[in-house]
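First comes the structure, then the notes that go with it.
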Amino acid sequence: MTSRERFLSACACQPLDRPPVWVMRQAGRYLPEYRALKAKSSFLEMVKTPELAAEVTLQPLRRFALDAAIIFSDILVIPEAMGQGYKFRDEGGIGMDFRLDNIAQLDRLDPTGVAQRLDYVGQALTRVKTELKGEKALLGFGGSPWTLATYMVEGGSSEDFARIKQLFFTDRPFFTALMEKLTTALIEYFKMQIKAGADAIQIFDSWGGIIAGQDYEAASLRWVREIIAALPKDFPIILYAKGAPSQLTDMAFSGAKVLGVDWTVDLGVIRRLVPDSIALQGNLDPVLMNTTPEIVRREATRLLETMRGTRGHIFNLGHGIMPEAKIECMESLVETITQWK
Ligand code: CP3
């Protein structure tokens, strides 16, 4: 069985001897070969140059026996392609070129033709697809409308998300118009990624956990459901939300085949709450990758045992790997999973 088949079987909740494994922000700052490329080009140059984006995507797979690759890009290429650019702030975090706070700005955002403007992502996907020779799975991704809107309305990374929540509560027509534009853009973008060779798509609702439980549907989930409904039936979509354990049972009705789960919950408990037809991805605490190979082996084994006998588990960290992660911890993680019986 190839890694790609293993990954797709897990998405379809087929029985497997061991779960497939991959890691987000695997192309991140913990790899010296990534830092070497980054010393020569900026993050956005790398994202927008298909050869470089493909190379960064493949770097972790050359080191570790992972079952899937996630394309090197960023969720914020969507606002940028609609007319709201961004940069990384010197002090850390994201700075958008402006704060979205009036109708004139909203009117200027253009969701039509985003797929052409993001052709560089499609080209990177096609390059990686060829290199993987059908042996490993290739993931495309994007942000949820809600998570993208937080950056657009806050003007970048935020501490309290007060502006986006205030917009949601006080000006529903503006909020809805923004979500409709993002939904249109994301449907076009994901269709392009599927055409370019993505085997699955992960939707990051990274800020899904900041809205009150009963508002999650109106703020985020209904837009995600609309996107998934517009994509080919049965195409594997992984829906990830951070800090939203009580939303997981609602997320199971989004049309997503897989739910991505953060590290704060017991995955075995979530397994019993979510229908058997939905696979679960997760959920080791990323901080473990900064510890020791022995601790990683112990904790990864514990998670594997928790999920023993269940179907549809994709082994993953509960969020992206940190720049402080140790290579020997990644080696220990992949070895523990691939040798588990
Ligand atoms: O695994 C991969 O390498 C896939 C590529 C990937 C990146 N970002 C590359 C990246 C993916 C899947 C993302 C998703 C992403 N980007 C999300 C959703 C997932 C999550 O983290 O919850 C979000 C919110 C973003 C926006 C973003 N991009 C943030 C908040 C940051 C960190 C900024 C900071 O201050 O550190 C980024 C930068 C980023 N995206 C890096 C990488 C490899 C680090 C860039 C660098 O410094 O080299």
>> Just to check your reading of the model, which residue among L118, L100 is away from the ligand (no atom under 11 Å from the Cβ), farther than 15 Å from A198 by Cβ and surrounded by 15 or more Cβ atoms within 10 Å (Cβ to Cβ)?
In response: L100
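Residue by residue through the stretch 234-278, note down the ones that are among the basic types (K, R) and either more than 16 Å from the ligand (Cβ to nearest atom) or in a helix (DSSP H, G or I) (or both).
The first filter runs over the stretch 234-278 and keeps only residues among the basic types (K, R), leaving 242, 257, 271-272.
Within the stretch 234-278, K257, R271, R272 meet the criteria.
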> Which members of the stretch 27-50 meet the condition of being closer than 22 Å to K326 by Cα, hydrophobic (A, V, I, L, M, F, W, C), assigned to a helix (DSSP H, G or I) and out of contact with any helix residue (DSSP H, G or I) (no Cβ under 8 Å at 6 or more places or on another chain)?
Replying inline: A36, F43
> Can you spot a residue in the stretch 43-57 that is modelled with pLDDT of 95 or more and within 19 Å of G260 (Cα to Cα)?
Replying inline: no
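For the stretch 47-54, state whether one or more residues are buried (at least 21 other Cβ atoms within 10 Å of the Cβ), within 11 Å of the ligand (Cβ to nearest atom) and among the aliphatic types (A, V, I, L, M).
First, pick out the residues of the stretch 47-54 that are buried (at least 21 other Cβ atoms within 10 Å of the Cβ): 47, 53-54.
Restricting the remaining residues to those that are within 11 Å of the ligand (Cβ to nearest atom) gives 47, 53.
Okay, now just the ones that are also among the aliphatic types (A, V, I, L, M), so 47, 53.
Taking every residue of the stretch 47-54 in turn, at least one turns out to be buried (at least 21 other Cβ atoms within 10 Å of the Cβ), within 11 Å of the ligand (Cβ to nearest atom) and among the aliphatic types (A, V, I, L, M).
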>> I need the helices (runs of 4 or more DSSP H) fully contained in the stretch 60-163, keeping only those with at least 3 residues that are more than 26 Å from L8 (Cβ to Cβ).
In response: 77-82, 103-108, 114-117, 145-154
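Specify the residue that is surrounded by the fewest Cβ atoms within 10 Å (Cβ to Cβ); the eligible residues are those in the stretch 204-233 that are assigned to a loop (DSSP other than H, G, I, E, B) and in contact (Cβ under 8 Å) with a residue 12 or more places away in the chain. Can you show your working first?
We begin by selecting, within the stretch 204-233, every residue assigned to a loop (DSSP other than H, G, I, E, B); these are 206-207, 211-212, 230-233.
Narrowing further to those that are in contact (Cβ under 8 Å) with a residue 12 or more places away in the chain: 206-207, 211, 230-232.
Details: S206: 24, W207: 25, I211: 23, A230: 15, L231: 18, P232: 8.
Restricting to residues being assigned to a loop (DSSP other than H, G, I, E, B) and in contact (Cβ under 8 Å) with a residue 12 or more places away in the chain, the top hit is P232.
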> Just for the stretch 58-97: of the residues that are within 11 Å of the ligand (Cβ to nearest atom) and among the small types (G, A, S), which one is modelled with the lowest pLDDT?
Replying inline: G92
> Would the stretch 237-257 turn up any residue that is under 22 Å from G122 (Cα atoms), of a type in the set (V, I, T), at pLDDT 95 or above and surrounded by 18 or more Cβ atoms within 10 Å (Cβ to Cβ)?
Replying inline: yes
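Are any residues in the stretch 264-303 of a type in the set (S, T, N, Q) and either in contact with a His (Cβ under 7 Å, 6 or more places away or on another chain) or crowded, with 18+ Cβ neighbours inside 10 Å (or both), and if so, which ones?
We begin by selecting, within the stretch 264-303, every residue of a type in the set (S, T, N, Q); these are 264, 277, 281, 283, 290-292, 301.
Of everything in the stretch 264-303, those that are of a type in the set (S, T, N, Q) and either in contact with a His (Cβ under 7 Å, 6 or more places away or on another chain) or crowded, with 18+ Cβ neighbours inside 10 Å (or both) turn out to be Q281, N283.
The values are calculated or read from the model by the stated rules, or taken from the named source; none is laboratory data. Note that the structure is a prediction, hence the values are computed from the model and not measured. Neighbour counts are summed over all protein chains in view; Cβ atoms, including those assigned to glycine, are modelled from backbone coordinates with ideal geometry.
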